[in-house]
Amino acid sequence: MTRPLTVALLGGGTVGAQVARLIDASAADLEQRVGAPIHLTAVAVQDTTKSRPGVPAGLITGDAMAVATSGVDIVVELMGGIEPARSLILAAMAAGSSVVTANKALLAADGATLHATAASHGVDLYFEASVAGAIPLLRPLRESLAGDRVIKVMGIVNGTTNFMLTKMDEEGADYDEVFAEADALGYLEADPRLDVDGLDAAAKAAILAELAFHTKVTLDDVYCEGISKVTSADISAAQQMGFVIKLLAVAEIKGDNEGVIVRVHPSMVPRDHPLASVRGAFNAVFIEAESAGQMMFYGRGAGGAPTASAVLGDVVAAARNRLTGGRSPGQSTYANLKPLPIGAAMTRYYVNLDVADRPGVLATIAAAFAENDVSIQVVRQDGHGDEAGLLVRTHLASDAALRSTVDRLRELETVKRVVGVMRVEGEAGV
Ligand code: NAP
Ligand code: HSE
């Protein structure tokens, strides 16, 4: 009989409690799949008096460091945040434990230290649940696509903001209303800025970019704009043009390995693009690879049980390695690409202007685009006289040139107000 494999949890909250429940509920299946029983030995939490359905009371402890250094086969970190999570993970690895974590914030801030420590102690580091919850995404990038050349990764990786933008699009609700609804449903992070300012998506984008392009990417390398400035006017302009607004995480290689650009910002996406149909709190990630072509991964990006599913998949992988002597893939950053600023990205803009409606106005506006070498794709005028509005959509240009164009438009006497500016993604062609 093979010896039982021991697992300890750091954190018994939304995800941790579900992992504990599933280890118990699926014990017989897990034993068959791993080839040995999985024994949960401890669950470290902050408040040991809280009721935690599904978590055996006898396993609860307040001493996280004792759990981390107990020498179990696998330590599962589900506390979140940078510290003490980082110190606990490093201590667990030093004690010979493999580590499974869902901690995107820590991985995006200092994944290199975690990978290096895992390698130096000969233990595994798995983190499938850190991006897009239940969706198998990191393993396909790390393993299945390891023989291909990924060119672009583009996705909806924050369910809360997708829920909010879907409500604004489908129900005409404004930002404050949908924020209040997301709050009432418990969707927002304890610090809501992580969701609405795009920081959660930016951490996930950094993790995806590093895996996709085999180059080191941290949160500091990611350009980040949230959704708090998306207005009803933007939503209705998108609808008029046959687009929908999504908070996208985009990671791409510029030119022939000139560098990598990673960005998170609200984007207009054509309604017939696969990402446009991702509604509510769901996530989806679109990957383009040289040989494989285009593919999309879709599913639940958050929630206790869905995220626990991804965590348990990692626990099974780490447990199998313990028995066979296998190892998780290590950090792959050999490509050593330069992180480039957003200005270097080739993007398209939508610009919504309140203009004076008189002869020659369109010419002054077109000139502002031309001066910056930006080509206009579509112009649409609505209303006339004092109510005149122009919706302009551009062809691809450098983001820096598009920004200069908008700065120039703001200076024009013929432009009464720049009502909205947003990048457009997912359109075919130039
Ligand atoms: P959570 O509900 O806030 O749970 C955190 C757990 O960690 C709680 O049990 C808490 O104890 C414990 N904890 C926090 N600080 C501690 C400390 N210093 N010592 C001991 N225990 C401590 O968080 P969660 O939603 O489960 O998320 C866990 C991780 O999964 C995070 O990294 C998160 O980003 C990631 N994640 C979550 C989701 C999701 O849908 N929730 C999805 C993907 C990834 P108490 O219970 O006593 O407060
Ligand atoms: N706040 C995150 C989201 C949780 O809304 O997607 C999952 O990482």
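Just the protein heavy atoms count here, and of the accessible area of region 265-383 at 1.4 Å, carbon and sulfur take up 51 percent. Per-residue ellipticity at 222 nm from helix content only, as computed over the chain with -39500 (n - 2.57) for each DSSP H run of at least four residues, stands at -10500 deg cm²/dmol. At the listed q of 0.22, 0.27, 0.29, 0.33 Å⁻¹, the Debye profile of region 2-50, built from one uniform point per Cα, gives log10 I(q)/I(0) equal to -0.77, -1.00, -1.08, -1.23. Taking every Cα-Cα distance in region 221-261 and sorting them into 10 Å bins starting at zero, the pair-distance distribution P(r) comes out as 23, 35, 28, 14 percent. Note on region 143-299: Rg/Rh from C-alpha atoms, Kirkwood Rh, equals 0.98. Once the chain is represented by equal point scatterers at the alpha-carbon sites, with solvent omitted, what log10 I(q)/I(0) does the Debye formula produce at q = 0.07, 0.08, 0.12 Å⁻¹? Evaluating at q = 0.07, 0.08, 0.12 Å⁻¹ gives log10 I(q)/I(0) of -0.38, -0.49, -0.96. Using R0 = 25 Å, the C-beta based FRET efficiency linking D63 and R327 works out to 0.30. Using the Cα gyration tensor of region 372-430, with a ≥ b ≥ c the square roots of its eigenvalues, what is the shape: rounded (a/c below 1.5), prolate (a/b larger than b/c) or oblate (neither)? Judged from the Cα gyration tensor, region 372-430 comes out oblate (a/c at least 1.5, b/c at or above a/b). Computed over region 140-252, relative contact order equals 40 percent, with contacts defined as Cα pairs under 8 Å that lie 6+ residues apart. Overall, the chain carries a charge dipole of about 1040 debye about its Cα centre when +1 sits on the Cβ of Lys and Arg and -1 on the Cβ of Asp and Glu, all other atoms neutral.
Distance between the 7 Å Cα→Cβ label points at K229 and A335: 3.0 nm.
Full extension of the segment from T364 to D176, taken as 0.36 nm per residue of separation minus the current Cα-Cα distance, would add 64.1 nm. The long axis of helix 304-324 is offset from the longest Cα principal axis of the chain by roughly 50 degrees. Ranking L337, T324, A400 by how far each Cα lies toward the positive end of the dipole of the chain (charges on Cβ) leaves T324 at the top.
Measuring only protein heavy atoms, the 1.4 Å probe finds K204 accessible over about 10 Å². Distance between the modelled labels on D220 and Q46, one decimal in nanometres: 2.7 nm (7 Å Cα→Cβ projection). For the chain, the solvent-accessible area works out to 41 Å² per residue, with a probe of 1.4 Å and every protein chain left in place.
Multiplying the residue separation of R380 and D407 by 0.36 nm and subtracting their alpha-carbon distance yields 7.7 nm. Across the chain, the longest run free of exposed loop sites, meaning GluC sites (Glu not before Pro) lying outside DSSP classes H, G, I, E and B with no more than 13 other Cβ atoms within 10 Å, spans 1-257. Within the shell of other residues whose beta carbon sits under 14 angstrom from the beta carbon of M241, the net charge comes to -1, with Lys and Arg scored +1 and Asp and Glu -1. For H121 and Q239, a Förster radius of 41 Å and the Cβ-Cβ distance give a FRET efficiency of 0.15, rounded to the nearest 0.05.
The values are calculated or read from the model by the stated rules, or taken from the named source; none is laboratory data. Being a predicted model, the structure only gives us computed values, none of them experimental. In this analysis, Cβ positions are derived from the backbone assuming ideal geometry, glycine residues included, and neighbour counts consider all displayed protein chains. Accessible surface areas use protein heavy atoms only, side chains included; no ligands, DNA or RNA. Shrake-Rupley method; radii C 1.70, N 1.55, O 1.52, S 1.80 Å.
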